[in-house]
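Structure, as structure tokens:
The values are calculated or read from the model by the stated rules, or taken from the named source; none is laboratory data. Just so it is clear, the model here is predicted, and its values are computed rather than measured. For neighbour counting, all protein chains shown are included, and Cβ atoms are generated from backbone atoms with ideal geometry for every residue, glycine included. Surface areas here come from the heavy atoms of the whole protein model, side chains and all, with no ligands, DNA or RNA. Shrake-Rupley method; radii C 1.70, N 1.55, O 1.52, S 1.80 Å.
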Amino acid sequence: MTMIETHNLTKHFGDVVAVDSIDLEVERGTVHGLVGPNGSGKTTAMQLIIGLIQPTEGEAYVDGEPAGSMAAKERIGYSPQEVAMYDSMTGRRYLEYMGRAAGMSRSDATERTEELIEWLELTEAADRQTGTYSGGMQRRLSLAQAMIHDPDVLFLDEPTTGLDPTGRQRIMDTLEDLADEGLTVFVSSHVLSELEQYIEMVSILQDGRLVLTDSIAAVQEAYGGQAFAVQTGNDERVATILSETDLVHSAELTDDRVVVTTDEPDQFREQLQQMLVDEGISLRSLTEEGTLQEAFTDIVAGGGPAGEDTSEHAGEGETEEVRS
């Protein structure tokens with residue numbers, strides 16, 4: 001069944017078309033990623049679907065209810081890109097307050113608060129004022145407030161922005177758990193190497209237009225080029241060496257692997273093996289895969305799927321790199 005649906009969804013800010021005629025369907029129980037360059041319309045599109053702003057044209061629905069209606073809002077949990085909360089409140093009091101504001105009884109809000117505090121590893125900080133929280137704790141608390149009333153769908157706008165590697169990994173682990181539980185999650189991010197680890201479907205925005213929606217596996221296979229995930233006894237050293245190798249386009253170090261792209265896969269395998277022997281580094285695994293970063297770059301640079309030329313719609317900076 002469809003959880004999120006839009007028809008000709010459009011938003012103008014003066015002469016600027018921020019979102020341009022988006023038709024989108026997000027199935028219930030999926031984790032759906034929304035990606036695009038800075039200024040492509042990701043946040044605006046999400047706010048239209050949530051009902052925070054009104055469209056210039058078109059319409060959006062959440063579980064069949066019109067965006068912005070009370071029935072739709074009851075189904076939604078939202079964690080914005082810019083975290084804002086009451087700094088003088090403790091984390092526990094803030095969640096209880098947000099639960100009551102969402103219409104929960106006092107006992108239900110208290111019970112749900114304790115569940116989320118434990119699950120998101122905020123127990124030690126629960127009775128501290130939120131103004132003393134680190135960026136990672138604030139992100140987890142923002143996720144908790146989005147989930148306090150047990151919504152049907154979560155909207156998460158750049159959930160790992162500004163976090164250190166440990167904080168980012170905690171958020172990613174939480175999102176993977178939500179995916180396993182079958183909750184519908186609609187998430188935007190520019191950190192594509194993270195996003196591809198837990199999303200099932202992806203939509204790509206370019207200059208406010210939806211240029212592609214497909215499964216992550218299909219996008220990676222069709223547009224991702226030749227890529228490898230390498231795990232070794234010293235990934236940091238391997239990433240540094242490979243990034244200086246002529247055969248390699250990119251070597252990106254993530255939390256547990258090095259993602260490498262190349263046009264010469266056979267030569268790369270041979271060179272990698274020799275390099276590891278020379279450096280005395282063990283190889284733990286080597287797997288082939290497409291990457292969302294490469295797919296995104298190919299699609300944006302090529303004007304959309306199947307080589308479709310959309311340049312007449314594109315403004316300056318259309319090939320701006322999405323950081324990974």
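Of note:
- Beta bridge orientation in the chain: antiparallel %, DSSP, nearest 5: 70
- Under Karplus coefficients 6.51, -1.76 and 1.60, residue-wise ³J(HN,Hα) of segment 127-134 in Hz, glycine/proline x: 9, 9, 5, 5, x, 8, 6, 6
- Of the residues 193, 174, 22, the one whose Cα sits farthest toward the positive end of the charge dipole of the chain, with +1 on the Cβ of Lys and Arg and -1 on the Cβ of Asp and Glu, is 174.
- Under-5 Å amide H pairs with residue 19, H placed in peptide plane, nonlocal only: 11
- Residue 181 versus residue 59: modelled label distance in nm, points set 7 Å from Cα along the beta carbon direction: 3.2
- Of the residues 117, 67, 55, the one whose Cα sits farthest towards the positive end of the charge dipole of segment 27-126 is 55 (charges of +1 on Lys and Arg Cβ, -1 on Asp and Glu Cβ, taken about the Cα centre).
- Shown here: the chain, whose C-alpha atoms stretch 64, 50, 34 Å along the first, second and third principal axes, sorted largest to smallest.
- Mean separation of Cα pairs under 8 Å and 6 or more residues apart, divided by the residue count, gives the chain a relative contact order of 19 percent.
- Segment residue 244..residue 15, full-extension length gain: 77.9 nm, with 0.36 nm per residue of separation and the alpha-carbon distance subtracted.
- Karplus-derived 3J(HN,Hα), 6.51/-1.76/1.60, for each residue of segment 24-40, Hz, glycine and proline x: 9, 10, 10, 6, 4, x, 10, 10, 10, x, 10, 10, x, x, 4, x, 7
- Overall, segment 96-231 carries a charge dipole of about 480 debye about its Cα centre when +1 sits on the Cβ of Lys and Arg and -1 on the Cβ of Asp and Glu, all other atoms neutral.
- For the chain, the carbon plus sulfur part of the accessible surface works out to 42%, probe radius 1.4 Å.
- Segment 162-252: GluC sites (Glu not before Pro) in DSSP loop, at most 10 other beta carbons within 10 Å: 244
- Of the GluC sites (Glu not before Pro) found in segment 1-86, those in coil by DSSP whose Cβ has at most 11 other Cβ atoms within 10 Å are 82.
- Ordering 215, 203, 183 by the projection of their Cα atoms onto the charge dipole of segment 176-270, which places +1 on the Cβ of Lys and Arg and -1 on the Cβ of Asp and Glu, puts 203 at the extreme positive end.
- Gyration tensor (alpha-carbon) shape descriptor, segment 132-209, a/c threshold 1.5: oblate
- Shown in residue order for segment 151-156 are the 3J(HN,Hα) couplings computed by the Karplus curve 6.51 cos²θ - 1.76 cosθ + 1.60 at θ = phi - 60°: x, 7, 9, 9, 10, 10 Hz (x for Gly and Pro).
- Simple spin-label estimate for residue 115 and residue 281 in nanometres, 7 Å along Cα-Cβ: 4.5
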